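The values are calculated or read from the model by the stated rules, or taken from the named source; none is laboratory data. Here the structure is a predicted model, which means the values were calculated and not measured. Please note: Cβ atoms are built from the backbone with ideal geometry, for glycine as well, and neighbour counts cover all protein chains shown.
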Amino acid sequence: MKLFLKLKSLQFEARILRPRILGPRLIGRGKRGFVFHIYEQFPQFFAPSSIYLFLFALILSEKPVDTVFTIVKANTFQDTVKARTVFPVEIALVSFSLAQGITNVYSSLIDIERVNPGNAFNAKLLSETTGLPLPGSCHFRVHHRDYHSVAGEIIKIVEKYDLPGSRTRTILFGMNNDLEEASDAIKWLADHCDGDQILQDGLMKIEFLDLSRLFNRVARFVHLKQKSYNPPTVQFNLVAVAEKQLNRSVRFNFRSEITCLYHSRIASEFMNMCAQNYCIQRVFTILDEFLEPLSIRRENGHYLSNFHLNLPSHKHVPSQNVASSSVTFQKEET
């Protein structure tokens, strides 16, 4: 039992974790259920890095098809004085599952209002790179300074699509190079949500996991279901291969349908720098990769055309949140 609790990575396979090690009560559960069961029942015994063990257990539990995952992306600029301190200007969260496709899209600008002279260069550099407005610009609206509401929307999403078996049940996925930036942006919001302790606690307990590792594990799950599916990420079990594939979503580049309202109104050269666009590109890359091998029938949430905020004529009607570009896809009433 002690040996099992010390496992901190995904390098251990089911053949190593024998049921007999965990006691007679689990002998009848089978190799695909006992790891997830132990992690789900006793998450407090696992180290923070064991979040990767959770991901491993999730795939063994055969739940990845129906599980809703949420991808996060934040555009920020760094404080030149304080290390690990960033100022968020845009944040986006996109929730999806293989079975349903995209289930929720949330995107919002964030106006920090003032920038001290030492950070002015970083703020301008971000603006020139992403097309986002400078803090205090007339492009921002009052709701972009309502940090409490932005934090509340994020909490609604992570709690709605919590993941049983994780230590906190709230996990956001992102590309490895973006996770630290997204985490720091969430921490900034936690510090600026009007002292709301519930929101602060909710934001601070969010865990962040590399999306490439999720892609890699789902690919191995699909291979178990369909042996003919055997891409390089499965053959060599390299997360770097999965990361390269997620970043190579060329066919979804410069698509206004998946771009936030602000970036849709400015020059097209900045569309791919939009946080919402960035997340949705990777969601569709994942869906295109796994739907066919798993023989999943495409529903409304699997089609790119359903995500333009100004096109409510599809089978799912988007409902906008006045504080941001927030869309939840609902079935039409007949």
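One line per residue, one yes/no per condition, for (1) under 22 Å from VAL68 (Cα atoms); (2) under 13 Å from the mean Cα position of the chain (by Cα):
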{"residue": "GLY152", "(1), (2)": "yes, no"}
{"residue": "ILE157", "(1), (2)": "yes, yes"}
{"residue": "ASP178", "(1), (2)": "yes, yes"}
{"residue": "ALA182", "(1), (2)": "yes, yes"}
{"residue": "HIS192", "(1), (2)": "no, no"}
{"residue": "LEU214", "(1), (2)": "yes, yes"}
{"residue": "LYS225", "(1), (2)": "yes, no"}
{"residue": "ASN230", "(1), (2)": "no, no"}
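Taking the conditions exactly as written (among the small types (Gly, Ala, Ser) and either modelled with pLDDT under 90 or not assigned by TED's automatic domain parsing to the domain that holds GLU289 (or both)), does ALA47 satisfy them or not? Before the answer, list the steps.
Numbers: among the small types (Gly, Ala, Ser): yes; either modelled with pLDDT under 90 or not assigned by TED's automatic domain parsing to the domain that holds GLU289 (or both): yes.
Against the criterion (among the small types (Gly, Ala, Ser) and either modelled with pLDDT under 90 or not assigned by TED's automatic domain parsing to the domain that holds GLU289 (or both)), ALA47 qualifies.
Does ARG282 fit the bill of being assigned by TED's automatic domain parsing to the domain that holds LEU209, more than 17 Å from the chain's Cα centre (by Cα) and not hydroxyl-bearing (Ser, Thr, Tyr)? Spell out how you get there, then give the answer.
On the way: assigned by TED's automatic domain parsing to the domain that holds LEU209: yes; more than 17 Å from the chain's Cα centre (by Cα): no; not hydroxyl-bearing (Ser, Thr, Tyr): yes.
Considered against the rule, which asks whether it is assigned by TED's automatic domain parsing to the domain that holds LEU209, more than 17 Å from the chain's Cα centre (by Cα) and not hydroxyl-bearing (Ser, Thr, Tyr), ARG282 comes out as no.
SER264: of a type outside the set (A, V, I, L, M), free of Cβ contacts under 8 Å to residues at least 12 places away in the same chain and under 20 Å from VAL94 (Cβ atoms), yes or no? Before the answer, list the steps.
On the way: of a type outside the set (A, V, I, L, M): yes; free of Cβ contacts under 8 Å to residues at least 12 places away in the same chain: yes; under 20 Å from VAL94 (Cβ atoms): yes.
Considered against the rule, which asks whether it is of a type outside the set (A, V, I, L, M), free of Cβ contacts under 8 Å to residues at least 12 places away in the same chain and under 20 Å from VAL94 (Cβ atoms), SER264 comes out as yes.
Kindly establish whether LEU132 is on the phi < 0 side of the Ramachandran plot, assigned to a loop (DSSP other than H, G, I, E, B) and buried (at least 18 other Cβ atoms within 10 Å of the Cβ). So LEU132 fits the description; yes. Within the stretch 227-252, being under 16 Å from ASP288 (Cβ atoms) and part of a loop (DSSP other than H, G, I, E, B) holds for TYR229, PRO231, ASN247, ARG248, SER249. Being out of contact with any Asp or Glu (no Cβ under 9 Å at 6 or more places or on another chain) and in contact (Cβ under 8 Å) with a residue 40 or more places away in the chain is a description that applies to PHE96. Against the test of being in the same structural domain as SER137 (by TED's automatic domain parsing) and part of a loop (DSSP other than H, G, I, E, B), the options ALA99, ALA92 yield a single qualifying residue, ALA99.
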